Each structure stands twice: as C-alpha cells, then as structure tokens.
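Down below is the structure, laid out as structure tokens.
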Amino acid sequence: MEEQGIRVEDELTVCELFDQYVRQGRKEGMKEGRKEGIAEGEKTGDAKRLVKDVENAMRFFKVTLEKACEGLGTTVSGYEEAKKYCS
C-alpha cells in the first residue's frame, strides 16, 4: 500500500484500492508495451535495411541472391526471414 501512497490510517474502500491497483497495472503495462514496440521497430528497421542492401547488391553487381548475401555476410534464409518483416 505504501507504493500506492496510501497510509495505514487512511480509510479506503475495497473499490478505491482496486482502482488504484488497476491504474498502476495499466501504467506498468503501457511502459512495457512501449519497450516492446521500440524493440519491434528496431527489428523491422534492421530487416528493411538488410533486404534493401541485398537487393541493391544484386542489382549493382549483377549477382545472384546467394552471392549478394555472401558478400554482405548473411545467408539466403536470413534474407528471406528479413523479407517477411518488410511485407
């Protein structure tokens, strides 16, 4: 109760206490959701960058997907997985 700013001598109804816990839970949930959203955004950005780099290498150097991936230090399966994030 101290975390909620409630003193022992304060009179509270069960509903008020429940409401405070719900508000705190929502606050924590939103904070965690933001963290997950940022992480997902970074993953998507990395995937888009990889796909773009591989496709540019294929076009510019006129090489196969396998050669472009090899040159960029990735695998075809890594490229295909990244491509899923871009669609």
Charge tally in the Cβ shell below 11 Å around LYS83, where Lys, Arg are +1 and Asp, Glu are -1, LYS83 excluded: 0
Expected 222 nm ellipticity per residue - DSSP helices of 4 or more, -39500 (n - 2.57), all of the chain, to 500: -27000 deg cm²/dmol
For the chain: Kirkwood Rh in Å [reciprocal of mean 1/r, alpha carbons]: 16.8
Net charge of neighbours whose Cβ lies under 15 Å from the Cβ of ALA68, counting Lys and Arg as +1 and Asp and Glu as -1: +1
Net charge, ILE38 excluded, C-beta distance under 12 Å - Lys, Arg +1, Asp, Glu -1: 0
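Since every read-out is calculated from the coordinates, none of them should be taken as a lab result. Quick caveat: nothing in here was measured; it's all calculated off a predicted structure. When we count neighbours, we look across all protein chains shown, and the Cβ atoms used for this are built from the backbone with ideal geometry, even at glycine.
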